[in-house]
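**Student:** Before we start, here is the structure in question, set down as structure tokens.
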Amino acid sequence: MNQSTLVNDDIKAIIFDLGNVLIKVNFDRMLINRVKEQMGSTAHEVMEAAYNDDLFQEFCTGKMNGESFHNALNARFNLNYSYDQFKEKWCDIFEPIKGMPELLSALRKNYKIGLLSDTDPIHWQYVLNAYPFLHTIQNPTLSFEAGYMKPNPQIYRIAAENIGHRPGDCLFIDDRQINVDGAQAAGMKAVQFTNINKLKNFLFNSKWL
């Protein structure tokens, strides 16, 4: 990358969301298709509803294991997937975002890089295997390990602690405005992700960086 980061003393760490920030999540695939047909909703509406669903939250905060979540999902939506079939379809949503590994590599020269994601153990193990650049992020903050989901203020504090900085030293990047607002309320600087080109322009030309 030809650009050089403009260092600012106020920002010492950059914490990224995972889905639709570091890697793309395609909500028009996997078993969401079966669910959205039954609910008469779009894939995006189904996933937005899932963030507030007790079943999804229990799985993503570590209160339910994969087998129990699979059984509950089968029962709720009248599915008959085996556990292996479920895992395959559950993970059939991820796609790479071109240039993102290189962007993290460039930023790492001047900033500590962190990760804060509302995710579950099945998705996390899958993306670690599929996207090796994620291994370069030390001490990621994962909702199923932390026991909280965004925008709970506690998970932002944990994310900052996990990379050894105060919330005020951190810039958080997320695709959902509610999570950006949550980060700001917890004391972080935060920006909403829309695409990688706009993010590069912000990071290398903003007043913060």
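**Student:** Determine the alpha carbon to alpha carbon distance for each of K24/K112; K112/K150; K150/K198; K12/K189; K63/K189; K24/K89 and list only those over 19 Å.
**Tutor:** Too far apart for the 19 Å limit: K24/K112; K112/K150; K150/K198; K63/K189.
**Student:** Additional query: Using a basic spin-label model with each label point 7 Å from the Cα along Cα→Cβ, how many nm lie between E161 and D181?
**Tutor:** For E161 paired with D181, the spin-label model returns 2.6 nm.
**Student:** Name the trypsin sites (Lys or Arg not before Pro) in segment 67-159 that are in a loop by DSSP and that have at most 14 other C-beta atoms within 10 Å, would you?
**Tutor:** Numbers: sites: R76, K87, K89, K98, R108, K109, K112, R157; in loops: K98, R108, K109.
Answer in residue order: K98, R108, K109.
**Student:** Using 7 Å Cα-to-Cβ label points, what is the D92/Q154 separation (nm, one decimal)?
**Tutor:** Taking the two extended label points, one gets 3.7 nm.
Each reported figure results from applying straightforward, stated rules to the coordinates on display, with no laboratory input. Bear in mind the structure is a predicted one, so any value in this text is a computation, not a measurement. With ideal geometry, Cβ positions are generated from the backbone for all residues, glycine too; neighbour counts draw on all protein chains shown.
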